[in-house]
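The values are calculated or read from the model by the stated rules, or taken from the named source; none is laboratory data. If you're wondering where the values come from, they're calculated on a predicted model, not measured in any experiment. Backbone-built Cβ (ideal geometry, glycine too); neighbour counts: all protein chains shown.
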Amino acid sequence: MDGLVQYFILLGSVGIGYAIAYLQFNFKKFHYSSQEKLKEKLNLLFHLDDDREISKLLKSLEVSKDTFGIHLAVGGHYRKSGEVEKAIGLHQNLLGHPEIPSHIYGEVALELAKDYMAAGLLDRAEALLLKIMEQKEYRALAIPKLIDIYQQEKEWEKALKIVTSLDAKLVGSYHSRLAHFCCELAQFLIDRGEYYEAQQRIRASLDFDKGCVRAAFLLSDLNAKLKDFNSALTNLKKVMHADEAYAFDVANNVLQCVSFGLERDVALRFLQKMYNDHPKLGLIVGISELLGEMGREREAIDLLENHLKAYPRLFGLLQLAGFFHSHFPLTTSKVGVNERVLSDIVEVCGQIRSEISLYKCLCCGFEAKSLYWLCPSCRVWSSIKPVVDTPLLSKVAL
Ligand SMILES: [Zn+2]
């Protein structure tokens, strides 16, 4: 009899165990499917941009470990649609919730940091991101945001410190930006006349990026100020080898060396040699300027004409007209109709030349009259290039 009772007890236990497992399985299934339905509904509401319905749904959905994901999605939606205050409130609420699982703390904190950045609360964002950095798995996500903040605030030292503290694998992807950060510091020191310290920064920049054109320009500028013209020209040569698109700026820097005391003949020979290797309009413009200063205007006109015939460019035509206008002015008293028309054309060309954008961002199309190393529009480094050699009229600002 005892054996029979034990048999029934055992059978009962198995049955109850099975029933519990069955219920748990179906609860999970139900739970999973209801979460999916909620996400689907949310996506539809996001798509319809129905803010009232989203708020209603959110209020009905208590914050719990099962609904964190949905709350995060709504927070992200608020930020993207410009409702940053709502996004901040929601993410702060999530972050302070007692049930927040440790593995998603970093994710929520990162979302809140993005909200702070969108609201311009950079100090708060920075403090939060530094805290997030303590969690190894979120470090790679927090770093770009921190660098963006330091870049906005021009805190170059802080940016360098934070990135160089990382392992080499992560630092690698920031080399080009780090080189520019060093150049920013070097430019600041050059402006203050602290040349030795500036040189150290430029060297550091080249350590990050050997081909950094900006560092070579800065070194050349520094050399010229110290009247070490050989080194200045060597660095400009490096620029031409690295990226001949900067020919116009190289020529300008050579002219700057002349203003610091470099002999015109030496400058001319350097530019002519550069032009033989890189037949760019920017260099011929520099050569013609020098020839004009040396009283060899006819040679300058011939060179500009020959270059234009080989490489017809709008900027070259305007340059030729401008050069002609300033060196061979036509006086209206002794000219006929033909010369008067020519004089008018030349004058208009001069006006266009002064209004033309010489630089353009290759990423976003932003146009400028002077060179920016960081595009003010799309915030990309080294994306702005001279367009004087651009063959099509549509690619320059008119
Ligand atoms: Zn741009």
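Quick check on my filter: what residues within segment 356-388 are within 8 Å of the ligand (Cβ to nearest atom), closer than 19 Å to residue 175 by Cα and of a type in the set (Ser, Thr, Tyr)?
Selection gives 383 alone.
For segment 234-290, what are the residues that are surrounded by fewer than 17 Cβ atoms within 10 Å (Cβ to Cβ) and aromatic (Phe, Trp, Tyr)?
Selection gives 260 alone.
Condition test on residue 311, is it out of contact with any helix residue (DSSP H, G or I) (no Cβ under 9 Å at 6 or more places or on another chain) and under 17 Å from residue 247 (Cα atoms)?
No, not satisfied.
Looking at segment 262-298, which of its residues are in a loop (DSSP other than H, G, I, E, B) and closer than 16 Å to residue 243 by Cα?
278, 279, 280
Among (1) under 29 Å from residue 246 (Cα atoms); (2) of a type in the set (Gly, Ala, Ser); (3) free of Cβ contacts under 8 Å to residues at least 60 places away in the same chain; (4) in a helix (DSSP H, G or I), there is one condition residue 193 misses while meeting the rest; what is its number?
(4)
For segment 345-384: of the residues being polar (S, T, N, Q) and in contact (Cβ under 8 Å) with a residue 12 or more places away in the chain, which is farthest from residue 152 (Cα to Cα)?
357
Listed residues 119, 142, 109; which is in contact with a helix residue (DSSP H, G or I) (Cβ under 8 Å, 6 or more places away or on another chain), over 30 Å from residue 202 (Cβ atoms) and buried (at least 18 other Cβ atoms within 10 Å of the Cβ)?
Only one candidate qualifies: 109.
Which members of segment 343-398 meet the condition of being part of a loop (DSSP other than H, G, I, E, B), farther than 20 Å from residue 252 by Cβ and modelled with pLDDT under 85?
Within segment 343-398, 391, 392, 398 qualify.
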